[in-house]
Every structure is written in structure tokens, then in C-alpha cells.
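The structure appears right after this line, and notes come after that.
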Amino acid sequence: MKADATHRAIEAVWRIESAKIIAVLTRMLRDVGLAEEMAQEALVSALETWPEQGTPDRPAAWLMTAGKNKALDYLRHQKLKHDKEPELTYEIEGLLQDAAPDLERTLDDNIGDDLLRLIFISCHPVLSMEARVALTLRLLGGLTTDEIARAFFVAEPTVAQRIVRAKRTLTEAKVPFEVPRGQELVERLAAVLQVLYLIYNEGYSASAGADWMRPALCEEALRLGRILAELAPGEPEVHGLVALMEIQSSRARARTDAQGNPVLLLEQDRARWDQLLIRRGLAALDRAERLERGLGPYALQAAIAACHARARKAEDTNWERIAALYDGLAALQPSPVVDLNRAVALSMAFGPAVGLELADTLLNEPALKNYHLLPSVRGDFLFKLGRLAEARTEFERAAELTQNARERGLLMARAAACTPLARPQNR
């Protein structure tokens, strides 16, 4: 039992700290693939050592030190190996000097930090868009290939191959460990924003596991987003994404009950919403709007979130405005998932029958074949229309499809409520 508890502790620390460790080792080694290998070796050392010696007082620092030591050993070995090659030996000596172990050395310096540099390496133009996003989610978000596959609705082996090829390509291209400047920065922002968006979403509604949320991922995505906003103050979509994340994060305390079970948006205690984050989000949205370059997909989603944030009570929500914003989003960035969200907005503005009509057009969409929110949304519409047997079937199917334990419990409870006696009044 003690070993199991230690392994769980290691897993938890690794999930939070792995990106920082990989980023620091990438600065030391100038090779992201090699850095990840060294970080994994540090993880293996922890798995071997901690069950016997106990969890250290500073587990994250222990892992960082172990990773740095392995990187230093590698560099020293390379120096000995190439002592007769002056140019290469000089380069390795420089790396050794730069990598002098200093555990308290801050990750932040100048306009960005190691994590931000790691994002831009992962989003380098030598990689395909799919590879950039998959690699960064793996390295920065600590997501498994399975989690990334679900985010993209593709097969897990496909994602695994993308990641392997991406690391190999970056190594062969000798991509510098730096934040791009000027026009190159602008060109690579789209991929970076997409990565941050997906990392944040995975933290906001975990696709698998026992927890409804993974706050560390949300916090990391938001932190990096704020840095990006300083780097690119003239880019409205950067401010739009930051606004979206700030406003969504404001609900964190209200999204679960005392037992950790999900609380849906319209049932949340809005007094528990973080007003500081809401103000920050609205200010970021205002910055995006004041640039007068039109609202992109992230800013439109932020504007939708702002409609909820401005409503003191659920019944005060301006659903007509939200539906109109989703119309704009669907025109700008057509996707089945946007249409499903638009169906929800239409149902709230004009009735569940209207929402169900749109949701039914999505039943044959390949991308939504195993997407649990489609039957969940249809179940909600059917429930409100009094078609309880059909609603129950949809909630049960959604529960089968989700891989999040908390969400499964919520969906099964909704399925159980689909009886005339159990149906609550004035829902």
C-alpha cells in the first residue's frame, strides 16, 4: 500500500512538473527529444528510489535535480568522447558552463521563460500543424497520447507517430531554443494559441480519469497566455484567448460540489465565481475589441463567456446574444462541435425543439461518432420536451462514451432521473 501511495505521489508530481523539467533540460541539451529522455530517466529514478527512501520534502526539486544531473553526465560524456574534435568540444564546454547546476535558478528571464521557448520549438514551421500541436500537448501539457488523440478525434497510434517524427525532425533541423521575433513570431502564434487552447480545455474538463478538472493545466495555459499577451500586444486573438481563459477560470470554485462532483453552469452558485478573474477577462476582451481588427474565434468564445459572466443569475443570461455569437463563430470556424454548442444556445433562446432540430443534423457527423456530448446534449433536449425514455437512452449512451469518472456519474444520475416520478419540477 505504501508503494502504491508513493507511485501515485510521483505520478501527481510528474504530471505537474514534467513540462518545467523538460524545458530546463532542453535549454541545457539543445535537443528536445533528448531532454524528454533525460526527464523520463529522472522519473524512473524516482520510481526506484522513493518507495524505499520515502518521498522527499521537495519532490519537484528532486526530479529537477535528477534530470539536471543526468543531462550534465551526458554532456561530460560527450566532451570526453569528442575531445579530439576542437569545434565540437568547444560547443559542449559552452553547454556545460551554461548548465552549471543551480537549483534556485529562476525559469523566467527577459521576455519569456523556458516553458515559453519550449512551446515555440514545438510549434516550429518545420513541423506540420498536427505535429506541432501534438508535440506541445505532450511536452507542455503532460498529456498522454490517448488524451491527445481524443482531443483531435484521431487514432492513438497516429498521434504517437506524429510525436516521434516531430522530435526527430526538430533534432535533425537543430531548431534553436528561443522565442521567435518579428514576423516569425506573428506567423507562429496561431499554432501556439491552438496548443494553449487545447491544454486549457483538457484542464477545464478532463477527458479521462477520476477528476472533473485538472487545475494545474488551466493555470499553466493561462500563465503562458498572459506572457504571450505581453509579447504580442497588437494581436487581438492573443487577448481573446486570455480573456476566454480568465473568464472560464473564474468559475472553478463553483464547478464542483464538496465531493468533487460536477456542477453544471446553470446550477452553479455565482457568488463563488472569482470576480477578479472576471474583471481581468473582460479587460482582455476589451483590449481585443479596441484593436478594431475584427473578433476571431477565441475572442468570439470570450464574448460568449462574457455573457455568462455578466449575468448575476442564470435566468438573466442573454441567450439571444449568445446564439448570435455562435452564428458568427460557426461562419468563421465551421465545425460540428461549434454547431453542437450553437444548438444549446438556440435551445435556451428559442426552446428545446429548436436545439434538437439542429443537434439531429449532427448525428451522422464522423467527428462526433464517439463524442459523448452529442448524446448528452440531445438527452437534455429530450428531457425538457418530456420524451423521457429517449432522454434516458441518450444519457446512458453518453455515460458509456465518456472516460471521465465524475462525468459518467453525472450522466448516470441524469439517466436515473428520466422517470415521471423522478423528474424535478421547474427544471
Exercise for the section: Could you point to the label whose value was computed as Cα extents along the principal axes in Å for the structure here, given [x] 81, 57, 40; [y] 87, 65, 39; [z] 70, 48, 46? Expected result: [x]
Handout entry: Low-density loop positions, chymotrypsin sites (Phe, Trp or Tyr not before Pro), the stretch 143-207 - DSSP coil, at most 16 other Cβ in 10 Å
Key = Phe153
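So which trypsin sites (Lys or Arg not before Pro) in the stretch 350-402 pass both tests, a DSSP loop state and at most 14 other Cβ atoms within 10 Å of the Cβ?
Details: sites: Lys369, Arg378, Lys384, Arg387, Arg392, Arg397; in loops: Lys369, Arg387.
The qualifying sites are Lys369.
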Handout entry: CD proxy at 222 nm, helix term only [per DSSP H run n ≥ 4: -39500 (n - 2.57); per residue of the chain; nearest 500]
Key = -22500 deg cm²/dmol
Completion exercise
The size of the Cβ-based charge dipole (Lys, Arg +1; Asp, Glu -1) of the chain about the Cα centre, to the nearest 20 debye, is 980 debye
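Can you tell me how much longer the chain between Ala61 and Thr171 gets when fully stretched, taken as 0.36 nm per residue apart minus their C-alpha distance, in nm with one decimal? Each step should come with its number before you reach the end.
On the way: separation 110, 0.36 × 110 = 39.60 nm, distance 2.72 nm.
Between Ala61 and Thr171, full extension yields 36.9 nm more.
What's the exposure ranking of Ile22, Ile10, Ile163, going from fewest to most Cβ atoms within 10 Å? Kindly include the intermediate steps, with their values, before the conclusion.
Numbers: Ile22 25, Ile10 19, Ile163 22.
Ordered from fewest to most neighbouring Cβ atoms within 10 Å, Ile22, Ile10, Ile163 come out as Ile10, Ile163, Ile22.
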Handout entry: Within the chain, longest stretch free of exposed GluC sites (Glu not before Pro) [DSSP loop, at most 13 other beta carbons within 10 Å]
Key = 293-427
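Using the structure shown, select from Lys68/Lys174; Lys20/Lys313; Lys20/Lys369 the pairs with a Cα to Cα distance greater than 31 angstrom. Display every interim value, and only then the final one.
Details: Lys68/Lys174 21 Å; Lys20/Lys313 40 Å; Lys20/Lys369 36 Å.
Violating the 31 Å limit, Cα to Cα: Lys20/Lys313; Lys20/Lys369.
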Fill in the blank from the handout: Here the relative contact order (percent) of the chain, from C-alpha pairs under 8 Å and at least 6 apart, is 10 percent
Exercise for the section: Taking the chain as the reference, fit the longest principal axis to its C-alpha atoms, fit the long axis of helix 86-98 to the helix C-alpha atoms, and give the angle between the two in degrees, 0 to 90, nearest 10. Expected result: 60 degrees
Completion exercise
Tilt, helix 32-53 to longest principal axis of the chain (alpha-carbon atoms), in degrees rounded to tens, equals 90 degrees
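Each reported figure results from applying straightforward, stated rules to the coordinates on display, with no laboratory input. All of these numbers come straight from a predicted model, not from anything done at the bench. Because the Cβ atoms are built from the backbone with ideal geometry, glycine has one as well, and the counts that use them run over all protein chains shown.
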